[in-house]
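Rule-based calculations on the coordinates, nothing more; no lab input. In this text, all values refer to a predicted model and were calculated from it rather than measured experimentally. Here the Cβ is made from the backbone with ideal geometry for all residues, glycine too, and neighbour counts use every protein chain on show.
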Amino acid sequence: MSGGQAESRGVLVICNGGFEGMEYALSSDETLIGRNPTTDITLLDENISREHAIVLLDEETGTYTIEDLQSSNGTKVNGKRIRSAELADTDEIEIGNTRFRFLLKSGWSAPA
């Protein structure tokens, strides 16, 4: 759909624990995060809900938004508990005991 343009794509990088450094490309319109094995990003953390939060991509504007899905322990962006927040490059996201860094990587091309 894009005419060969270099696009910025969001990536979540785990910043702590045994999976530190692991990257998750936010390559679809919706990325579901939770404890349930059917989520897009599954975290083995008893402090998060089965379906805890979702990251949404607005294809038209290229912006990413994270929404808390009424989780018990909440979602934080840069230390503040949020219901919904637009993400900016280098934002820190806390879900349960897991900390992520949100990064925008330019020149992303989906694998063939």
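Please state the charge dipole magnitude for the chain, taken about the Cα centre, from unit charges on C-beta atoms (+1 on K and R, -1 on D and E), reported in debye and rounded to the nearest 20. Intermediate results must be reported in sequence, preceding the final value.
Numbers: 10 positive and 19 negative charges, 68 e Å.
So the dipole magnitude of the chain works out to roughly 320 debye.
For residue 50, which sequence-distant residues (separation of 5 or more, or a different chain) have an amide H within less than 5 Å of its own amide H, given hydrogens modelled in the peptide plane?
35
Step through the residues of region 53-60 one at a time and calculate ³J(HN,Hα) from phi using the Karplus curve (6.51 cos²θ - 1.76 cosθ + 1.60, θ = phi - 60°), rounding each to whole Hz and writing x for Gly and Pro.
Listing the rounded values in order: 8, 9, 9, 10, 10, 8, 4, 5 Hz.
Through the Karplus equation 6.51 cos²θ - 1.76 cosθ + 1.60, θ set to phi - 60°, convert the phi angles of region 37-52 into ³J(HN,Hα) values in whole Hz; use x for Gly and Pro.
Once θ is set to phi - 60°, the couplings for region 37-52 become x, 8, 6, 5, 10, 9, 10, 8, 9, 5, 8, 10, 7, 4, 10, 8 Hz.
What are the radius of gyration and Dmax of the chain, computed over its Cα atoms and given in Å?
When restricted to the Cα atoms of the chain, Rg and Dmax are 13.7, 43 Å.
Using amide H atoms built in the peptide plane, which far-off residues or other-chain residues are under 5 Å from residue 39 H to H?
The list, which skips near neighbours in sequence, is empty: none.
How high is the relative contact order of the chain? Use alpha-carbon pairs under 8 Å, at least six apart in sequence, and give a whole percent. Provide the component values of the computation, followed by the final result.
Details: 253 pairs, mean separation 30.8, N = 112.
Relative contact order here is 28 percent.
What list of ³J(HN,Hα) couplings, whole Hz, do you get for region 95-105 from phi and the Karplus terms 6.51, -1.76, 1.60, once you set θ to phi - 60° and write x for glycine and proline?
10, x, 8, 9, 10, 10, 10, 8, 10, 9, 10
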